[in-house]
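Note sheet for the following structure.
What follows is calculated from the coordinates using simple rules that are stated; it is not laboratory data. Here the structure is a predicted model, which means the values were calculated and not measured. With ideal geometry, Cβ positions are generated from the backbone for all residues, glycine too; neighbour counts draw on all protein chains shown.
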Amino acid sequence: MSTETHNSSHGTNELPVHKDVAFEPRDLSPGVILRYLFYLAVVTAVSLLICVYVYRYTTKLAAEDDRPVPPSRQQAGMLYPPEPRLQGVPGHETDPQQDLRDKIKADTEANERLRWIDEKNGIAQIPVEDAMKIIAEKGLPAVPAPPAEKKQ
């Protein structure tokens with residue numbers, strides 16, 4: 001905090017005076033501020049017009065380059081691409097969770113089925129649990145080891 005006294009006159013109509021600071025009433029002209037605001041408004045309006053022109057031009061360009069709907073989809077009134085579609089997208093009639101449940105059920109039934117694949121050659125399909133028991137009792141057939149490479 002400064003302890004200097006300022007040369008100001010309280011109670012009179014004189015402006016405060018300081019030896020290092022000068023203020024001239026002509027430094028601040030309302031005409032300059034009004035001209036600045038006018039130029040600012042003109043530049044803003046011109047920028048807006050340029051942006052509108054660019055927007056309309058790019059929209060027109062995109063509309064010209066846009067591919068039309070194939071005639072096959074126009075005639076059939078299709079809104080979605082033909083099958084197969086990803087599950088869960090609009091227009092797909094089945095529920096993905098139900099499809100998964102059906103797939104698991106079909107796989108389980110196929111793994112538990114007993115049937116001949118090639119009866120002439122003696123190839124049969126047996127349930128997985130039975131195959132695991134047979135392998136546990138007899139073990140896997142021995143497979144010859146591949147020959148080791150010789151280092152030179």
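At-a-glance table
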item	result
Packing rank of 43-50, 115-122, where each peptide gets the mean count of other beta carbons within 10 Å, highest leading	43-50, 115-122
Other-chain or far-sequence residues with amide H under 5 Å of GLN125's (modelled H)	ARG115, TRP116, ILE117
Cβ crowding within 10 Å averaged over residues, with 125-132, 139-146, 31-38 ranked highest first	125-132, 31-38, 139-146
Length added when fully stretched, ALA62-VAL17, from 0.36 nm per residue minus Cα-Cα	9.6 nm
